[in-house]
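Below: one structure, written as structure tokens.
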Amino acid sequence: MKQIIKKVIMFTSLTFILFMYNNCGEGFQAAKYLDETSNLSSKVNQCDGLSDGTQQIDPLNYYTSSESANCTPYKKKRSCESGQWTEWTNKNLTITTCNIVAQYCDGFANDYVQTNPKNYYIAAKDKTCTPMKKQRICKNGTWTEWSNNNLTITNCTIQAETCNGFANDHVQTDPKNYYIEATDKTCTPMKKQRTCKDGIWTDWTNNNLTITNCTIQAETCDSYANDYVQTDPKNYYIAATDKTCTPMKKQRTCKNGTWTDWTNKNLTITFCVVTTVNSNDRKASLLESPWKIGFGRNATGAGYNGKLYVVTNTNDSGPGSLRFGLSQKNTWVTYDPSLEGKNIYIKSSLRPAANITWDGRDALVRIVPDPSVGNNLTMIRFYESNAIVHRVIYGPLQRQTPGGKAYTGILVSEGQDYWFDHIESSNLQDDSFGIGNGGTKAAINVTVTHYKVYQAGKGLLIAQDKLVGQNAGRHGKVTVAYSDLSASCRNFRLSGGNYAHGFNNYVHGFGYDLCGNVASHGSKPNRTGTATPVLIAESSVYDDNNIGLAGDTVDVDTPTPMKIQGYVFTDGQNIFLGQSGKNKFVFEPGSSPSANVKQPTIPYSYNKLKTSTVRKYVIDNAGVNGANIFYNYNKK
């Protein structure tokens, strides 16, 4: 009976559990509380008999609203933690049933696109009047905003392309005048313009101009008013020497704020020497010159009372020619300034008369052999006495045929009292300047100052080897000073009975040959045996670039007299006689040194330059363009 009662009780309990499971949903799991192999009471704890970590889900679906567009279900959940249930998720939801309701916008279904039937326009007047629509869409039962919502104009009139009523391509001009500056020389007005292009205005021309008022300002040149004539205070002259030395002014005018070119702008000479021969100042500049020194110091030429002759043409002979003037005794020969830079071609030797002053300061005129005679002439030959020759240039003169006879540029054959100053020669193959050679009488008392010779075979020969009779043995007495001697040889050479004094000379560029040149002055022994040449050289500089002496320059400050029967040479300090085996030069056969030569007395006063200044002085002043050719006479 007891067994039957136990079975009834067990069946009743299982029936109750199944009843609770079916009526309490998925969350109630009776099986969790039963274990067929263990006692039911041992599994029970505070989470309704469920163990920690168990998650309980409410089997019901919950909704946010009883009606919705989609009726989305939500679940409630809780977990057993440390024997206690956590709070249900979505605990505030209580609605367990929901009806789906369709979404509409004013009766239009969701995603419906509604178009406003009206046409809208950007403007009431337009070039094309293109209509534009407004549209909106139903989104989740709500309308979006209309597209083109800002458009309100529903009527449009098509209008031609214009710019503020002006037709296309119309050019509009601003009525105002604009200026670059508020003050200007001319205040030229400028306009602003723009053009209608496709109904749109272009930018204004002169868009940056903003100034609308301008005051005309007087045009000036360096603060001088317009049309002002400015005069240079200096006096200008056509030439440095002239018959009248008429001063000329330079002027310029201010035109529109700019200076014109100066009148007479090519004139650069600011001093002028009057060339009228009757001017005592002009005559005195030569007759009383401080450079009329040495053995030829007594030369007077035409003197103060000489007659004037002006060379007016370049003819070889006839009135106005140089030859005609030089043939007249007691004549002061000058050039017309119009002959500046010209050549006079001569067909035979020029032979100046006695008492001649040949003054070349008015124009630089070159004496040249005429092509019709070639080079078969000595160009200028002096036989008469007493001449002053100043600023004369001549050359070229070459041998007519190789090995043929050579001629001389200037040759002083006979006579006495000659002064040659600022003479220049170039491109002569034989002697550029000769003294004494070619005559049977002595040429004595000759001074050569500021002579310049270059690009020449031979420079200056002093030779008295043809004297006969009562003239045999006479000394030539020649002074050479302040000269620039750079011929290949004979810078200068003595031969025969001559007494030469050289000082303040610059000798350079000479060669090494048998023509009588050495590092200083060359000399040949007296051919007649009746007189012995004597040379004194001092205060001179010798550049021996070609012959290999020790050092490039030899300065000779101490007077060194000598009797010469061989070539002269320098050892770098003094000038000595050439001796075989003692120097580097070629000697004339039979030459031998002299001994015990006493220094002769120099019969005139003179100024010696320091050799340190000789080179510069000579370069600056020798020749026809020397700085002191005018000797500062009668400057205007």
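The values are calculated or read from the model by the stated rules, or taken from the named source; none is laboratory data. Model, not experiment: these values are computed from the prediction. Cβ: placed from backbone, ideal geometry, glycine included. Neighbour counts: every protein chain shown. The protein model used for the area step is the full one, side chains on, heavy atoms only, and it has no ligands, DNA or RNA in it. Shrake-Rupley method; radii C 1.70, N 1.55, O 1.52, S 1.80 Å.
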Quick one: R361 ticks every box in (1) open to solvent by 10 Å² or more (accessible area, probe 1.4 Å); (2) not in a strand (DSSP E or B) except a single one, so which number is it?
-> (1)
Of everything in the range 481-499 that's small (G, A, S), open to solvent by less than 10 Å² (accessible area, probe 1.4 Å) and in contact with a Lys or Arg (Cβ under 8 Å, 6 or more places away or on another chain), which residue is modelled with the lowest pLDDT?
-> G497
Y179: passes all of (1) modelled with pLDDT under 90; (2) open to solvent by less than 60 Å² (accessible area, probe 1.4 Å) but (1)
Go through the range 306-346 and tell me which strands (runs of 3 or more DSSP E), entirely inside it, have 3 or more residues that are without any contact (Cβ under 8 Å) to a residue 60 or more places away in the chain and either closer than 23 Å to N376 by Cβ or not β-branched (V, I, T) (or both).
-> 307-311, 343-346
In the range 301-320, how many are open to solvent by less than 30 Å² (accessible area, probe 1.4 Å), within 48 Å of the chain's Cα centre (by Cα) and of a type outside the set (V, I, T)?
-> 0
Being among the basic types (K, R) and outside any loop (DSSP other than H, G, I, E, B), is that true of even one residue in the range 120-137?
-> yes
Within the set of pairs 6 or more residues apart or between chains, which connect a residue that is over 16 Å from A124 (Cα atoms) inside the range 142-154 to a residue that is modelled with pLDDT of 90 or more and open to solvent by less than 80 Å² (accessible area, probe 1.4 Å) with Cβ atoms less than 6 Å apart?
-> W143/R136; T144/R136; T144/I137; W146/R136
When only residues in the range 592-607 that are open to solvent by 80 Å² or more (accessible area, probe 1.4 Å) and modelled with pLDDT under 85 count, which is farthest from L364 (Cα to Cα)?
-> N596
Consider K91 carefully, then state whether it is out of contact with any strand residue (DSSP E or B) (no Cβ under 8 Å at 6 or more places or on another chain) and not polar (S, T, N, Q).
-> yes
Single match in N110, N164, N140, N119 (criterion: surrounded by 15 or more Cβ atoms within 10 Å (Cβ to Cβ) and at pLDDT below 85) = N110
Just to be sure, is N213 assigned to a loop (DSSP other than H, G, I, E, B), surrounded by fewer than 16 Cβ atoms within 10 Å (Cβ to Cβ) and in contact with a Lys or Arg (Cβ under 7 Å, 6 or more places away or on another chain)?
-> no
Qualifying positions in the range 364-395 - outside any strand (DSSP E or B) and either open to solvent by less than 50 Å² (accessible area, probe 1.4 Å) or among the basic types (K, R) (or both) = L364, V365, D370, V373, G374, N375, L377, T378, M379, S385, N386, G395
Considering each residue of the range 383-401, count those that are at pLDDT below 95 and more than 49 Å from the chain's Cα centre (by Cα), and give that number.
-> 4
How many of the residues making up the range 66-110 are of a type in the set (A, V, I, L, M, F, W, C), within 30 Å of D52 (Cα to Cα) and outside any loop (DSSP other than H, G, I, E, B)?
-> 3
Examine the range 192-203 for a residue that is on the phi < 0 side of the Ramachandran plot, outside any loop (DSSP other than H, G, I, E, B), open to solvent by 60 Å² or more (accessible area, probe 1.4 Å) and modelled with pLDDT of 90 or more, and state whether such a residue exists.
-> yes
Which of the following residues is within 30 Å of G360 (Cα to Cα), open to solvent by less than 70 Å² (accessible area, probe 1.4 Å) and in a loop (DSSP other than H, G, I, E, B): C187, C245?
-> C245
When the range 143-161 is checked residue by residue, the ones that are charged (D, E, K, R) and surrounded by 13 or more Cβ atoms within 10 Å (Cβ to Cβ) are E161
Tell me which residues, restricted to the range 334-345, are modelled with pLDDT under 95 and either open to solvent by less than 10 Å² (accessible area, probe 1.4 Å) or under 16 Å from A302 (Cα atoms) (or both).
-> T334, Y335, L339
Y236: open to solvent by less than 60 Å² (accessible area, probe 1.4 Å) and not hydrophobic (A, V, I, L, M, F, W, C), yes or no?
-> yes
Take the residues of the range 609-622 that are at pLDDT 85 or above and of a type outside the set (A, V, I, L, M, F, W, C): which is surrounded by the most Cβ atoms within 10 Å (Cβ to Cβ)?
-> N621
